[in-house]
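Below is one structure; the comments refer to it alone.
The values are calculated or read from the model by the stated rules, or taken from the named source; none is laboratory data. On a predicted model such as this, the values are computed, not experimentally measured, just so you know. A quick note on method: Cβ atoms are made from the backbone with ideal geometry, for glycine too, and the neighbour counts reach across all protein chains shown. With ligands, DNA and RNA removed, areas are computed over all heavy atoms of the protein, side chains included. Shrake-Rupley method; radii C 1.70, N 1.55, O 1.52, S 1.80 Å.
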Amino acid sequence: MAEVVVGSQPEDCPGTSSAQAGRAAACQGCPNQKLCAAGAAATDPAEAAELRERLRGVKHIVVVLSGKGGVGKSTFSALLAHGLAADESKQVALLDIDICGPSIPKMMGLEGEQVHQSGSGWSPVFVEENLGVMSVGFLLSSPDDAVIWRGPKKNGLIKQFLRDVDWGEVDYLIVDTPPGTSDEHLSIVQYLSASHIDGAVIVTTPQEVSLQDVRKEINFCHKVKLPIIGVVENMSGFICPNCKKESQIFPPTTGGAEKMCQNLNVSLLGKVPLDPQIGRSCDKGQSFLSEVPESPATSSYRNIIQSKSYNHHEGESLLSLFHAGNSRRALLQ
């Protein structure tokens, strides 16, 4: 596999998802020119039209990213889906493209479920009437089966999820991704560019070892022209249920996500404290938000979805950022 050479991209870099990636005049002399030219061809026009038609009923799409594994990205994706689906008038879908580590079926209480084929395509597996899920986990004979696939096969399955699943009319499609910036991320951005993406939510923990990879994730978003909705700081302190005193389990030695977001001019959507019940709820496949409604972590999740963010987009909620993205697309059409 070709090695990516780290460095500043050309001033007029077309982006890795562009048809001109590695081919534009600005790419001349860039150390990654051959890599971009080999791996970022534009979606075929007929294929793009097919994807656009399949996703035409999806109003809003948000991709959940993390620079490092184990920061709670899939947990956030699952609870974001539950939180949005709490409004019974909204239809929510959760797509798990963490091909090698699909944890969404377990977290959503769907382990052992299978995908059913209908005349209109694959049917999502439903948690509630207004919350459907699709994951490679539903295609495995056992949750312990290892998925040992190279990039092209992963990309093919992601395309199949978008093209063959009968998503129907959906208000919010949440896409849970693996950690890092790899084939799956390039593929989902490329394929969804045929339709639209409201943007990415990036999940981190407070310590510098996690923030270091988040900065790379933010750089990735800029390079592929993926809008950043904001950052969520997970495991942000622990509030003792007895004395109510807060302890920093993962000390923000460099100022945490708040300082990083200020420096990079990115919105900090909120901070979610540790709560042992989150892990227990996920293991049982139940919604932590409805199981422990009085938890400070539940309040943080609800604030992220409904209330004001910490900075940058002052006075805007995650929902209002979705709607603002929709308005911007309408203006561009």
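Figures for the structure shown
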{"item": "Å² of accessible area per residue within region 54-165, as computed with a 1.4 Å probe and no ligands counted", "result": "42"}
{"item": "Debye log10 I(q)/I(0) for region 85-243, one point scatterer per Cα, at q = 0.08, 0.12, 0.15 Å⁻¹", "result": "-0.26, -0.60, -0.92"}
{"item": "Dipole magnitude (debye, nearest 20) for region 224-275, charges at Cβ of Lys, Arg, Asp, Glu", "result": "60"}
{"item": "Distance from region 135-162 to region 236-265 (C-alpha centre basis), Å", "result": "36"}
{"item": "Region 109-190: mean projected area of Cα convex hull, nm²", "result": "6.2"}
{"item": "Long-range tail of P(r) for region 44-95 (Cα pairs > 17 Å, %)", "result": "52"}
{"item": "Percent of Cα-Cα distances greater than 21 Å, calculated over region 157-225", "result": "31"}
{"item": "Distant alpha-carbon pairs in region 84-134 (separation over 12 angstrom), percent", "result": "65"}
{"item": "Accessible area (Å², 1.4 Å probe, nearest 10) - Cys243", "result": "90"}
{"item": "Net charge, Ser290 excluded, C-beta distance under 15 Å - Lys, Arg +1, Asp, Glu -1", "result": "-3"}
{"item": "Percent carbon-and-sulfur accessible area, region 43-121, ignoring ligands, DNA and RNA, probe 1.4 Å", "result": "44"}
